[in-house]
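Structure first, commentary second.
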Amino acid sequence: MTMAQRKLGSTGIIVGEIGMGGMPLSVNGRPSEEDGIRTVHAALEQGITLFDTADSYCLDSTEKGHNERLLAKALHNRPEVLIATKGGSIRPDGRWENDGRPEHLRQACEDSLLALGVEAITLYQHHRPDPKVPFAESVGAIAELQREGKIVHVGLSNVSLAQLEEACEIVTVASVQNRMNLFDHSSMAVLKRCEELGIAFLPYSPLNGMGNAQGIGSNENLSRIAKNYDASPQQIALAWLLQLSPVILPIPGASKAVNIINCAGASNLKLSDEDVAELNGIAAQITA
């Protein structure tokens, strides 16, 4: 499949306009390794070249880096592929917690280098601000790793507008990964600032999160619009994101080949201005 491509912010890197989130391949309910690799290869066949992972995508801390190792194995000798990873979240006993201490981020980066089998991580993202650690200290630690050549580009995830501005005073920010979809516009101000600064915006949960993606077709407006384009509701939701901003690169997660193939079908799908306007109002309908 020929997928349209976009720049990853100001990095100069060109990737398929739809990426893939690796989280479902490594958390509860995950497929076998064989099926997981099959899903990744299906994404490649559709033209997907941006894969998002994190050291915390695993069942618990005893298998830290599970998803990084899986993607590294599936994408071995694929120079056209960008694997972006994250550090700053931990999984003690399967819980999701944060650790933004500089010493933790340094060790997390070192571990991710080993898991991915690379000398430098092309895009390393601070996973989530840790309220126990000054944000500037966490970002500063990642900036230092960049200066040492262990990271090429620095990204942020789950940040507010104020945190984005603070980080930009410390390091050149290549990407921001926040939650954004038809039903959740809470990061719209962050997206607009990314546009102004030329920063890539990687919306996670672009189909409303794990466990909800299959059900978004229950929205009558979305379902009706999808039928008009002979498309799935998931494809319409992703196409809406792509038309929302030129800096957006959606990263839908998938644990099955059929699902990522479906998502990739959103590429090159052009929605009318009228349909975009109607879709823009879905979040307002949900929250009213």
Requested in this report: For the range 83-112, enumerate the residues that are in a helix (DSSP H, G or I) and either open to solvent by less than 90 Å² (accessible area, probe 1.4 Å) or within 23 Å of THR11 (Cα to Cα) (or both).
Outcome: PRO92, GLY94, PRO102, HIS104, LEU105, ARG106, ALA108, CYS109, GLU110, ASP111, SER112
Query - Evaluation of GLU68 against (1) closer than 22 Å to ALA264 by Cβ; (2) surrounded by 15 or more Cβ atoms within 10 Å (Cβ to Cβ); (3) touching an Asp or Glu at 6+ places or on another chain (Cβ under 9 Å); (4) not basic (Lys, Arg) (one fails), failing number - result: (1)
Query raised in the report: Somewhere in the range 118-132, is a residue touching a helix residue (DSSP H, G or I) at 6+ places or on another chain (Cβ under 7 Å), open to solvent by 70 Å² or more (accessible area, probe 1.4 Å), at pLDDT 95 or above and not in a loop (DSSP other than H, G, I, E, B)?
Result: no
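Name every residue in the range 5-18 that is assigned to a loop (DSSP other than H, G, I, E, B), more than 13 Å from THR122 (Cβ to Cβ) and either touching a Cys at 6+ places or on another chain (Cβ under 6 Å) or not polar (S, T, N, Q) (or both), in order of residue number. Give the derivation first.
Initially, the range 5-18 is screened for residues assigned to a loop (DSSP other than H, G, I, E, B), giving 8-13, 17-18.
If we keep only those that are more than 13 Å from THR122 (Cβ to Cβ) too, we end up with 10, 17-18.
Those that are assigned to a loop (DSSP other than H, G, I, E, B), more than 13 Å from THR122 (Cβ to Cβ) and either touching a Cys at 6+ places or on another chain (Cβ under 6 Å) or not polar (S, T, N, Q) (or both): GLU17, ILE18.
Among the residues of the range 183-214, which ones are hydrophobic (A, V, I, L, M, F, W, C), under 21 Å from LEU161 (Cβ atoms) and out of contact with any Cys (no Cβ under 9 Å at 6 or more places or on another chain)? Break it down into steps so the answer makes sense when it comes.
Within the range 183-214, the subset hydrophobic (A, V, I, L, M, F, W, C) is 183, 188-191, 194, 197, 199-202, 207, 210, 213.
Filter again for under 21 Å from LEU161 (Cβ atoms), leaving 183, 188-191, 194, 197, 199-202.
Across the range 183-214, the qualifying residues are PHE183, MET188, ALA189, VAL190, LEU191, CYS194, LEU202.
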Query raised in the report: Going by the conditions given, is LEU271 within 24 Å of THR85 (Cβ to Cβ), of a type outside the set (Val, Ile, Thr) and touching a residue at least 12 places away in the same chain (Cβ under 8 Å)?
Result: no
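Residues in the range 47-65 that are of a type in the set (S, T, N, Q) and surrounded by fewer than 21 Cβ atoms within 10 Å (Cβ to Cβ): how many? Even if it seems obvious, please write down each step before you answer.
Taking the range 47-65 as the starting set, the residues that turn out to be of a type in the set (S, T, N, Q) are 49, 53, 56, 61-62.
Of the ones still in play, those that are also surrounded by fewer than 21 Cβ atoms within 10 Å (Cβ to Cβ) are 61-62.
Residues that pass the stated criteria total 2.
Name the single residue that is surrounded by the fewest Cβ atoms within 10 Å (Cβ to Cβ) among those in the range 6-33 being of a type in the set (S, T, N, Q) and touching a residue at least 24 places away in the same chain (Cβ under 8 Å).
In the first step, residues of the range 6-33 are kept if they are of a type in the set (S, T, N, Q); the result is 10-11, 26, 28, 32.
Those left that are additionally touching a residue at least 24 places away in the same chain (Cβ under 8 Å): 10-11, 26, 28.
Details: SER10: 16, THR11: 20, SER26: 25, ASN28: 8.
Only one residue fits best here, namely ASN28.
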Report task. Give SER218, SER187, SER160 a once-over and let me know the one that is under 14 Å from PHE135 (Cα atoms) and in contact with a Pro (Cβ under 9 Å, 6 or more places away or on another chain). Result -> SER160
Query raised in the report: From the residues in the range 254-268 that are open to solvent by 40 Å² or more (accessible area, probe 1.4 Å) and modelled with pLDDT of 95 or more, which one is farthest from the chain's Cα centre (by Cα)?
Result: VAL258
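Out of GLU137, GLU80, I need the residue that is of a type in the set (Asp, Glu), under 25 Å from MET20 (Cβ atoms) and either assigned to a loop (DSSP other than H, G, I, E, B) or open to solvent by 30 Å² or more (accessible area, probe 1.4 Å) (or both). Which one? So that I can check it myself, show each step before the final result.
On the way: GLU137 fails: under 25 Å from MET20 (Cβ atoms).
Just one listed residue meets the conditions, GLU80.
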**Report entry** Matching residues in the range 140-171 - criterion: being within 30 Å of ASN212 (Cα to Cα) and either in contact (Cβ under 8 Å) with a residue 60 or more places away in the chain or in a loop (DSSP other than H, G, I, E, B) (or both)
**Finding:** GLY155, SER157, ASN158, VAL159, SER160
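The values are calculated or read from the model by the stated rules, or taken from the named source; none is laboratory data. Since the structure is predicted, the reported quantities are computational estimates derived from the model, not experimental observations. As a convention, Cβ positions derive from the backbone with ideal geometry for all residues, glycine included, and neighbour counts pool all protein chains shown. The protein model used for the area step is the full one, side chains on, heavy atoms only, and it has no ligands, DNA or RNA in it. Shrake-Rupley method; radii C 1.70, N 1.55, O 1.52, S 1.80 Å.
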